[in-house]
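Peer 1: Encoded as structure tokens, here's the structure I'll be asking about.
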Amino acid sequence: MNIVSYQYPELREQFHGYFEGNDTNQMWQFVGEQVKTTSEAKVLKEFGLERARDLIHHADLYNQAENNDMFWKRLDRGFDKIRKTTHDGDKILIVSHGMTIRSVVDRYAPKLDLGKATENGSVTKLIISDDDIQVEYFNNLGEV
């Protein structure tokens, strides 16, 4: 088996700007103040992943956090890289942050996103074609 490893920074989690690496609960205090709720779970439930990214961007004191549009432009560049470096039928493994995985599922298979966090070690299967991404399953902890 020939295993080739690449690091695609385009597939990393959202950049949180000022909040990067800080306490998440503190971040949600700042972010949630805009919408009068300071819990990550409540913000995500009431406003969704895409709006939450915009709220983080607006709360960033340095104005560097990615908004939803920036996040997806970066991720789309990563998927385009994958399309250019693979062939039909190739099987590849992408390791990424749980919220990034959940964002992909939320965008391409919203019925599979039940509002639960991505489990550590779970597998999500994507089928990436030239012009589409399909999610076969999400958050699978069983045999794949």
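Peer 1: Given the conditions (1) touching a residue at least 60 places away in the same chain (Cβ under 8 Å); (2) in a helix (DSSP H, G or I), report the number of the one that Arg102 does not fulfil.
Peer 2: (1)
Peer 1: In region 76-99, how many are under 24 Å from Asn22 (Cβ atoms), touching a helix residue (DSSP H, G or I) at 6+ places or on another chain (Cβ under 6 Å) and assigned to a helix (DSSP H, G or I)?
Peer 2: 0
Peer 1: On the basis of being touching a residue at least 12 places away in the same chain (Cβ under 8 Å) and more than 30 Å from Lys42 (Cβ to Cβ), does Phe71 make the cut?
Peer 2: no
Peer 1: Inside region 105-114, can you point out the residues that are farther than 21 Å from His16 by Cα and either modelled with pLDDT under 95 or assigned to a helix (DSSP H, G or I) (or both)?
Peer 2: Listed by number, the residues that qualify are Tyr108, Pro110, Lys111, Leu112, Asp113, Leu114.
Peer 1: Additional query: Cβ-Cβ below 8 Å, separation at least six or inter-chain, first residue in region 121-144 and free of Cβ contacts under 8 Å to residues at least 60 places away in the same chain and surrounded by 15 or more Cβ atoms within 10 Å (Cβ to Cβ), second among the charged types (D, E, K, R) and in a strand (DSSP E or B): which pairs?
Peer 2: Sorted first by the residue in region 121-144, then by its partner, the pairs are Leu126/Glu136; Val135/Lys125; Tyr137/Lys125.
Peer 1: Six or more apart or on different chains, Cβ atoms under 6 Å: show the pairs whose first residue is in region 13-34 and within 22 Å of Val104 (Cβ to Cβ) and part of a helix (DSSP H, G or I) and whose second is among the polar types (S, T, N, Q) and at pLDDT 95 or above.
Peer 2: Gly17/Gln64
The values are calculated or read from the model by the stated rules, or taken from the named source; none is laboratory data. Being a predicted model, the structure only gives us computed values, none of them experimental. All Cβ positions, even for glycine, are placed from backbone atoms using ideal geometry, and neighbour counts span all protein chains on display.
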